[in-house]
Amino acid sequence: MPDDAATSNLGARLASCIAPGMRVYVSGELGSGKTTLIRGLLRALGVQDRVKSPSYALVELYVVSRLDLYHFDFYRFLDDLEFGDAGLAEYFQGDGVCLVEWPERAGRALPLPDLEISLAYAPPGRTISVNALSKAGQQCLANCRNA
C-alpha cells in the first residue's frame, strides 16, 4: 500500500463483506495505518462521526443500519488480564462486529479472529497482509476479491 488513501480504500473494500458477529484484528507498529484502515471500513459503511483510535476509552460503538460495530484499542494494556478486568468479553459474543487494534496486548484472552490484518512499514509505503482464520473470514475475503 503506497499511502493512507490506499489503506483506507482497502478498509472500504473489506466493508462490503463484513457480517454480523465478525472479529477483525489489526496489528502493526504505531502509525502504521491501523486506525486509517478501520476508518476506511467505517466510512464505507456510512459512519459520519469522527473516527479516532479509542486508546483511552478502550471501545467506541458505531451503529450502522444492520450492524453494531465495536472499535477497540488495547494499546494501553500491560497484559492480557486487563481484558478480563475491563469486562470486555461480552462484546465478543453475539452479533456485534469487533474491530480490534493491538489485539496482541490482550493475548490469549481474546477469541480467535475471523480476519487478521497486519500492517508494516515498507518504504516508501507499507505492506498489508490479510489472513482468514474462519469460514466467515474466508467468505469475506472471497467476496472482497470478487467485488
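Remarks
- Couplings 3J(HN,Hα) for segment 80-95, derived from phi with the Karplus relation 6.51 cos²θ - 1.76 cosθ + 1.60 (θ = phi - 60°), are 5, 5, 5, 4, x, 5, 7, x, 9, 4, 4, 4, 8, 10, x, 8 Hz, where x marks Gly and Pro.
- Gyration tensor (Cα) of segment 40-81, equivalent ellipsoid semi-axes in angstrom: 23, 11, 7
- For segment 35-51 and segment 59-84, distance of Cα centres in Å: 15
- Only beta bridges with both residues in the chain are counted; by DSSP, about 50 percent of them are antiparallel.
- Long-range amide H partners of Val64 with built H, under 5 Å: Leu69
- Three semi-axes of the equivalent ellipsoid, segment 64-147, Cα gyration tensor, whole Å, largest first: 23, 19, 12
- Applying 0.36 nm per residue to the separation of Ser129 and Tyr75 and subtracting their alpha-carbon distance, the gain on full extension is 17.4 nm.
- Three principal axis lengths of the chain [C-alpha, angstrom, descending]: 38, 35, 30
- For Gly96, net neighbour charge (Lys/Arg +1, Asp/Glu -1) across residues whose Cβ lies under 14 Å away: -3
- Cβ-based net charge around Asp79, under 13 Å, with every Lys or Arg adding one and every Asp or Glu removing one: -1
Taken together, the values in this text are just the output of simple stated rules run on the coordinates, not laboratory data. All figures in this text were calculated on a predicted structure; none of them were measured in a lab. All Cβ positions, even for glycine, are placed from backbone atoms using ideal geometry, and neighbour counts span all protein chains on display.
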